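A.B. asks: Let me begin by handing over the structure; questions about it come next.
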Amino acid sequence: MLAQEMGVMFTKHADQITSKRWGEFIQQLEEKGLYVLIETDTIGRVMSPLGGLMPMPCKSETLHIVTAEELEQRGLPLGHHIVTKPKEKATTA
């Protein structure tokens with residue numbers, strides 16, 4: 001199945017996928033040494049279901065599947081993360 005086809009399938013089935021099933025999917029990624037990294041533009045915070053604060057969802061989020069090495073390059077510990085996208089610095093000539 002092509003990526004575009006899988007994307008359509010995900011959107012059609014997303015309401016049917018429970019948090020338990022998503023957890024199982026994420027666990028399969030972990031077993032293969034892959035982690036989810038979500039970059040968001042929001043600075044607002046909401047309570048995590050497990051406690052603590054995390055960035056609010058936004059339409060401009062970017063989802064990445066990364067390896068342990070890529071997490072290390074970003075200065076992040078092993079695991080899944082939601083981070084605020086770095087602001088682009090304006091360059092002046």
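The values are calculated or read from the model by the stated rules, or taken from the named source; none is laboratory data. Small disclaimer: the values here were computed from a predicted structure and weren't measured. All Cβ positions, even for glycine, are placed from backbone atoms using ideal geometry, and neighbour counts span all protein chains on display. For accessibility, only protein heavy atoms count, side chains too; no ligands or nucleic acids. Shrake-Rupley method; radii C 1.70, N 1.55, O 1.52, S 1.80 Å.
A.B. asks: In whole percent, and with a 1.4 Å probe on the protein chains, what portion of the accessible area of the range 1-77 is carbon and sulfur?
C.D. replies: 58
A.B. asks: Oh, and also: Hey, rough spin-label estimate for Gln28 and Thr84, points 7 angstrom out along Cα→Cβ, what's it come to in nanometres?
C.D. replies: Modelled inter-label distance: 3.5 nm.
A.B. asks: Another question, then. In the neighborhood of Glu39, defined by Cβ-to-Cβ distances under 11 Å, what is the net charge if each Lys or Arg adds +1 and each Asp or Glu adds -1?
C.D. replies: Net charge around Glu39: 0.
A.B. asks: A follow-up question, please. How tilted is helix 19-31 with respect to the longest principal axis of the chain? Cα atoms for both, answer in degrees (0 to 90, nearest 10).
C.D. replies: 70
A.B. asks: Can you return the lysines within cross-link range of Lys59? Criterion is Cα-Cα under 19 Å, with same-chain partners fewer than 8 residues away left out.
C.D. replies: Correct list for Lys59: Lys12, Lys85, Lys87.
A.B. asks: Once you sort the root eigenvalues of the Cα gyration tensor of the range 1-92 as a ≥ b ≥ c, which label holds: rounded (a/c under 1.5), prolate (a/b larger than b/c) or oblate (the other case)?
C.D. replies: rounded
A.B. asks: Moving on to the next point. Could you check the simple spin-label distance between Leu63 and Met6, using points 7 Å along Cα→Cβ, in nm with one decimal?
C.D. replies: 1.1
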